Amino acid sequence: MYKIDIETTKKQQIIDITDHISRVIDESKVKNGVCFVYSPHTTCGISLNEGADHDVKEDLINKLNDIIPVDDRKYRHIEGNSHSHIKTVVVGSSVTIFIENGKLLLGRWQSVYLCEFDGPRRRNVWVKILSEDKI
Amino acid sequence: MYKIDIETTKKQQIIDITDHISRVIDESKVKNGVCFVYSPHTTCGISLNEGADHDVKEDLINKLNDIIPVDDRKYRHIEGNSHSHIKTVVVGSSVTIFIENGKLLLGRWQSVYLCEFDGPRRRNVWVKILSEDKI
Amino acid sequence: MYKIDIETTKKQQIIDITDHISRVIDESKVKNGVCFVYSPHTTCGISLNEGADHDVKEDLINKLNDIIPVDDRKYRHIEGNSHSHIKTVVVGSSVTIFIENGKLLLGRWQSVYLCEFDGPRRRNVWVKILSEDKI
């Protein structure tokens with residue numbers, strides 16, 4: 001298993017971690033297989049979406065805040081970050097990506113997102129690769 | 001493949017099934033690999049989030065009900081459980097978790113959630129493990 | 001890796017692609033394993049839910065439009081399809097399904113959904129299978 005450390009800098013922030021994952025694939029020397037990218041946190045998710053236009057990330061954060069507001073008098077969880085937990089469930093804690101010819105096989109516009117919903121914090125991303133290569 | 005039976009007791013309920021999954025890992029004798037936890041239902045999802053404070057589960061159910069209400073005159077599905085189907089799509093039907101040194105490798109606060117959206121019912125959870133161990 | 005082409009015909013549309021995935025499993029000759037179904041797009045997701053009653057698909061699209069409207073003056077992404085990106089993050093870009101005895105092991109009511117949120121377009125679905133079979 002590979003571990004990546006990411007320092008987030010805002011309360012809510014989407015960070016493109018594609019390059020980190022690509023470096024792990026290079027290091028692994030796996031030619032063909034499946035890569036799993038996992039967040040071990042309960043207030044920080046992992047997803048896939050557009051990396052080219054930064055506005056997509058902003059629109060995603062803003063709309064999630066419309067749907068799941070930071071403050072809601074009905075929230076019972078005493079730490080005050082219920083919204084962060086709920087957003088993490090909605091976004092998900094992991095993604096599955098294919099490896100072909102030694103490279104991460106993303107669609108043309110896809111990037112790997114770390115979705116911080118309760119920052120700023122030091123976050124960990126865990127990566128495992130299951131290889132299809134015959135040894 | 002391993003099968004787990006869970007009896008849910010409420011209409012909507014989040015049940016921590018981490019111990020069930022851990023027992024499957026123990027039984028499998030797999031040292032290192034990837035574990036897939038899957039719901040074969042269309043009104044019951046699987047997710048990962050905080051297990052320590054029960055209020056997180058309550059806040060999640062309440063907020064999902066704000067977003068996707070049980071009743072909506074626009075729902076067309078005649079069985080009356082459209083909200084349960086939609087919540088299942090939003091939460092997801094499976095999670096991927098790593099196995100290291102024979103143990104389920106969750107983050108410190110993570111638990112595996114069975115998310116019942118149309119209970120009470122008898123639910124099945126399917127588990128498969130892909131091993132990295134050399135035999 | 002297997003590639004499937006799907007032509008969508010509407011702006012927003014849920015298409016049952018279960019038969020396409022089953023044919024890939026047949027072709028693969030894998031008896032037992034795990035199948036990953038992946039969308040390389042950022043405005044088109046993959047999910048699992050009921051295939052029997054078409055109204056479930058309609059209710060899902062309608063409710064997602066209530067939550068994440070097509071138009072919102074706050075959206076900044078200049079292409080005008082922010083809602084499609086956000087829906088894709090919420091629904092997810094891939095599903096994991098088990099293979100047993102050479103067949104896709106879905107629950108009784110489960111189908112594989114391609115979720116078009118910015119059509120009509122030609123879409124690709126990528127499929128990889130990790131086999132448990134001893135050769």
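The values are calculated or read from the model by the stated rules, or taken from the named source; none is laboratory data. These figures come from a predicted structure and were not determined experimentally. Here the Cβ positions follow ideal geometry from the backbone for every residue, glycine too, while neighbour counts run over all protein chains shown. Side chains are part of the model used for accessible areas, which takes the heavy atoms of the whole protein and leaves out ligands, DNA and RNA. Shrake-Rupley method; radii C 1.70, N 1.55, O 1.52, S 1.80 Å.
Among the residues of region C:31-40, the one identified as touching a helix residue (DSSP H, G or I) at 6+ places or on another chain (Cβ under 9 Å) and farther than 23 Å from residue C:101 by Cβ is C:39.
Residues of region C:100-135 that are at the interface with chain B (Cβ under 10 Å from one of its Cβ atoms), closer than 18 Å to residue C:31 by Cα, in contact (Cβ under 8 Å) with a residue 12 or more places away in the chain and among the hydrophobic types (A, V, I, L, M, F, W, C): C:106, C:130. Quick check, is residue B:97 within 23 Å of residue B:2 (Cα to Cα), facing another protein chain (nearest Cβ under 8 Å) and in contact with a Cys (Cβ under 7 Å, 6 or more places away or on another chain)? When the stated conditions are applied, residue B:97 passes them.
Could you tell me which of the residues B:51, B:45 is among the small types (Gly, Ala, Ser) and within 14 Å of chain C (Cβ to nearest Cβ)? Just a single option satisfies the conditions, and that option is B:45. Among strands (runs of 3 or more DSSP E) entirely within region C:41-135, having at least 2 residues that are modelled with pLDDT of 95 or more, open to solvent by 40 Å² or more (accessible area, probe 1.4 Å) and touching a helix residue (DSSP H, G or I) at 6+ places or on another chain (Cβ under 7 Å) singles out no element at all. Among the residues of region B:1-17, the one identified as over 17 Å from residue B:62 (Cα atoms), in contact with a Leu (Cβ under 7 Å, 6 or more places away or on another chain) and part of a strand (DSSP E or B) is B:6. When residue C:22 is tested against (1) at the interface with chain A (Cβ under 9 Å from one of its Cβ atoms); (2) among the polar types (S, T, N, Q); (3) in contact with a Lys or Arg (Cβ under 9 Å, 6 or more places away or on another chain), only condition (1) is not met.
Per-residue answers, yes or no, for (1) touching a Cys at 6+ places or on another chain (Cβ under 9 Å); (2) among the β-branched types (Val, Ile, Thr):
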{"position": "A:14", "(1), (2)": "yes, yes"}
{"position": "A:21", "(1), (2)": "yes, yes"}
{"position": "A:32", "(1), (2)": "no, no"}
{"position": "A:65", "(1), (2)": "no, no"}
{"position": "A:76", "(1), (2)": "no, no"}
{"position": "A:82", "(1), (2)": "no, no"}
{"position": "A:88", "(1), (2)": "yes, yes"}
{"position": "A:110", "(1), (2)": "no, no"}
{"position": "A:123", "(1), (2)": "yes, no"}
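Every condition in (1) within 17 Å of the chain's Cα centre (by Cα); (2) of a type in the set (Asp, Glu); (3) farther than 23 Å from residue C:89 by Cβ holds for residue A:50 except the one numbered (3). Number of residues in region C:12-33 that are within 12 Å of residue C:44 (Cβ to Cβ) and more than 11 Å from the chain's Cα centre (by Cα) equals 1. Of the residues contained in region B:87-97, one or more are found to be touching a residue at least 40 places away in the same chain (Cβ under 8 Å) and under 20 Å from residue A:74 (Cα atoms).
Being of a type in the set (A, V, I, L, M) and touching a Ser or Thr at 6+ places or on another chain (Cβ under 7 Å) is the filter here, so list the residues in region C:57-84 that pass it.
none
In region A:1-40, the qualifying residues are those that are closer than 30 Å to residue A:77 by Cβ and of a type in the set (Lys, Arg), and the one that is surrounded by the most Cβ atoms within 10 Å (Cβ to Cβ) is A:11.
Pairs linking a residue in region C:70-82 that is more than 8 Å from chain A (Cβ to nearest Cβ) to a residue that is of a type in the set (D, E, K, R), with Cβ atoms under 8 Å and 6 or more positions apart or on different chains, are C:81/C:118.
Is there a residue in region C:66-86 that is more than 18 Å from residue C:9 (Cβ to Cβ) and within 11 Å of the chain's Cα centre (by Cα)? There is no residue in region C:66-86 that is more than 18 Å from residue C:9 (Cβ to Cβ) and within 11 Å of the chain's Cα centre (by Cα).
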